[in-house]
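We did not get these values from a lab; they are worked out from the coordinates using the rules stated. As the structure is a computational prediction, the values presented were derived from the model and not from experiment. In this analysis, Cβ positions are derived from the backbone assuming ideal geometry, glycine residues included, and neighbour counts consider all displayed protein chains.
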Amino acid sequence: MVKVAQIGIVVAVLGIIISLVGLFPGIIALPLTPGFGVVQILVIVFGFSTLILGALIYAKFKFYAFQEHTLTQQIGIRVAFTGITFAVLAGLADVLGFGSNLRADSGETLLGPLQMVGMIGSFFVAALGVVVYALAGSPTLAEDD
């Protein structure tokens, strides 16, 4: 099961790279545009979702490989995925029609300060869910270590 934990690390690192590309598209020579667009917001959220998924895979197969989930761990998983869902909703609030920045006639999508706070707060909630999952239960290390 150690190999699956290593796959979790690879998935998490891939999520970090995708998030960095979403935040700073110039690092892969994409043209810079003013503000944040819908695709850029989706790439950031997808990258962070991949990071959270990789962290959950790592924690499961490194510490709890041969155990069933406890109730606290299931709550941690649900908190992590709820944080990701709220991050998507906060990031796409203007596109979905309930954001504080109304779309201009030019069709530009803005990422306002309330949306940024919502996304960052939701990312922290998702990370807290991973921490709850990792700390809950009694870990047994795999025999392959």
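Residue by residue, the range 128-138 carries 3J(HN,Hα) couplings of 4, x, 5, 5, 4, 4, 5, 8, 7, x, 10 Hz when phi is fed to the Karplus relation 6.51 cos²θ - 1.76 cosθ + 1.60 (θ = phi - 60°); x denotes Gly or Pro.
Taking the Cα atoms only, what angle lies between the long axis of helix 71-91 and the longest principal axis of the chain, rounded to 10 degrees? Taking Cα atoms only, the helix is inclined about 10 degrees.
Quick one: helix 38-63 against the long Cα principal axis of the chain, what's the angle to the nearest 10°, folded into 0 to 90? With rounding to tens, the tilt is 10 degrees.
Quick check: residue separation of THR33 and VAL117 times 0.36 nm, minus the Cα distance between them. What number comes out in nm? Intermediate results must be reported in sequence, preceding the final value.
Numbers: separation 84, 0.36 × 84 = 30.24 nm, distance 2.15 nm.
The span from THR33 to VAL117 would gain 28.1 nm if fully extended.
Residues of the chain were split at every exposed loop site, defined as chymotrypsin sites (Phe, Trp or Tyr not before Pro) in a DSSP loop with at most 11 other C-beta atoms within 10 angstrom, and the longest piece left, sites excluded, is 1-65.
Once every Cα of the range 2-135 carries one equal point scatterer and solvent is ignored, give the base-10 log of I(q)/I(0) from the Debye formula at q = 0.11, 0.16, 0.22 Å⁻¹, two decimals. Each listed q maps to, in turn, -0.45, -0.82, -1.22.
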